[in-house]
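Below is one structure, written out as structure tokens, with a few remarks after it.
The values are calculated or read from the model by the stated rules, or taken from the named source; none is laboratory data. Just so it is clear, the model here is predicted, and its values are computed rather than measured. Here the Cβ is made from the backbone with ideal geometry for all residues, glycine too, and neighbour counts use every protein chain on show.
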Ligand SMILES: Cc1ncc(COP(=O)(O)O)c(C=O)c1O
């Protein structure tokens, strides 16, 4: 008879939890459910023809190189190009500081491995990206919330986090809030971080997805020696390529490289050469422009649906003007007092951060929403500390404008139903 095996798990697994978002995404995948839940880019935006052409070129011209091990730092020409592109955004960076990673998720993991000990403090925005919390959890740190106001993390609040090993921030088209920090707030945050001696981890996978004007320069341009910067091809090309990059100050780079070697030696050679071949073909600027136009229209469809079906309105539109509300106006009453929802118009990225009326609980409402045929992610999934139960993350990336309208209408019907 076989002896049952008892696995002795490492202490660090105590903080590992199944992701709430992944669970919801599975349910959202059911036929008949309109998903406003996923953070996935729209598959229709994948540059399939350009990638096919690039694949053929790699396969024809360099098959042996493309199938071989490569440098842990990543493919040289791709690193050079990234350094140049980042310099154009205001960073002072050379290719030696660029490390190609297996998605920016790996960047989060490597930086956590390098800078966090069990019990040390990592500061995060509230709310923040769930995947970052998952990556940090493996190092068993104390997670402390960097208090935020409408403009983003409050510079004065960093004083309470003095001694933190790291503050993780997404200044540009934040997941889940869609928020983009002003140049003034960026400068004030960096000044506070310098003063308190807290290094910053800047995560910027959505920076290229701006709708009207480019966002202010990254934090890394303001404090090159105190910021590790993460970027990704996931939202601008295709996430399945698993191609991201980090930019580290020279003092940190060698250790990050060793952490990368220990993790996976290097990111897939073929994918790196494929993306470089695609960039060399020269279609990237036009592709980015088309992408921005597509997501701008998606954002507008979401805002229009919100104005049409939900009572409430924009707290503070970011970027360009919000499309005109329907004739009866954005504020409605459904018998009795106004059941007001709140949202902002994001100026880039993939998300709207909705606040349901007082008394609503987004997590508790989800089973009914799924049964009615619409999925969203309850905001509670994105908080390290006390959540705002009324918050909902809505993605406008993958649903069609008609589905977005129908999904928001279903949500409005649920909110109107007596509870
Ligand atoms: C803020 C943020 N950081 C990192 C990632 C991970 O992206 P990647 O596919 O590059 O690993 C995501 C993915 O959704 C994200 O939203």
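Just a few scattered comments:
- Pair list, Cβ < 6 Å and 6+ apart or interchain, from the range 36-47 residues that are in contact (Cβ under 8 Å) with a residue 24 or more places away in the chain and farther than 15 Å from residue 349 by Cα to residues that are more than 9 Å from the ligand (Cβ to nearest atom) and assigned to a loop (DSSP other than H, G, I, E, B): 46/238
- When each of 397, 371, 380 is tested for being touching a helix residue (DSSP H, G or I) at 6+ places or on another chain (Cβ under 6 Å) and either under 20 Å from residue 25 (Cα atoms) or modelled with pLDDT of 95 or more (or both), the lone residue that passes is 380.
- Subset of the range 26-56 (residues that are within 16 Å of the ligand (Cβ to nearest atom) and farther than 14 Å from residue 395 by Cβ): 46
- Note on the range 24-44: residues that are assigned to a helix (DSSP H, G or I) and more than 18 Å from the chain's Cα centre (by Cα) amount to 4.
Results for (1) within 16 Å of the ligand (Cβ to nearest atom); (2) surrounded by fewer than 18 Cβ atoms within 10 Å (Cβ to Cβ), shown as yes or no for each residue.
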{"site": "195", "(1), (2)": "no, yes"}
{"site": "204", "(1), (2)": "yes, no"}
{"site": "211", "(1), (2)": "no, no"}
{"site": "225", "(1), (2)": "no, yes"}
{"site": "231", "(1), (2)": "yes, no"}
{"site": "240", "(1), (2)": "yes, yes"}
{"site": "248", "(1), (2)": "no, no"}
{"site": "254", "(1), (2)": "no, yes"}
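- Checked across the range 323-338, the condition of being within 25 Å of residue 398 (Cα to Cα) and modelled with pLDDT of 55 or more holds for no residue.
- Residues of the range 159-183 that turn out to be on the phi < 0 side of the Ramachandran plot, assigned to a loop (DSSP other than H, G, I, E, B), touching a helix residue (DSSP H, G or I) at 6+ places or on another chain (Cβ under 9 Å) and more than 16 Å from the ligand (Cβ to nearest atom), as a count: 3
- Lone unmet requirement of (1) more than 19 Å from residue 302 (Cα to Cα); (2) more than 18 Å from the chain's Cα centre (by Cα); (3) surrounded by fewer than 16 Cβ atoms within 10 Å (Cβ to Cβ) for residue 47: (3)
- Odd one out for residue 76, checked against (1) within 16 Å of the ligand (Cβ to nearest atom); (2) over 30 Å from residue 184 (Cβ atoms): (1)
- Here residue 105 meets each of (1) more than 30 Å from residue 160 (Cα to Cα); (2) within 15 Å of the ligand (Cβ to nearest atom); (3) outside any strand (DSSP E or B) with one exception, condition (1).
- When the range 51-79 is filtered for residues that are assigned to a helix (DSSP H, G or I) and within 25 Å of the chain's Cα centre (by Cα), the ones remaining, listed by number, are 51, 78, 79.
- Selection count where residues are under 30 Å from residue 385 (Cα atoms), surrounded by fewer than 24 Cβ atoms within 10 Å (Cβ to Cβ) and touching a helix residue (DSSP H, G or I) at 6+ places or on another chain (Cβ under 7 Å), scope the range 86-105: 2
- Scan the range 126-137 for residues that are buried (at least 24 other Cβ atoms within 10 Å of the Cβ) and within 12 Å of the ligand (Cβ to nearest atom) and the total you get is 3.
- Meets criteria (closer than 30 Å to residue 81 by Cα, in a helix (DSSP H, G or I) and within 11 Å of the ligand (Cβ to nearest atom)) for residue 114: no
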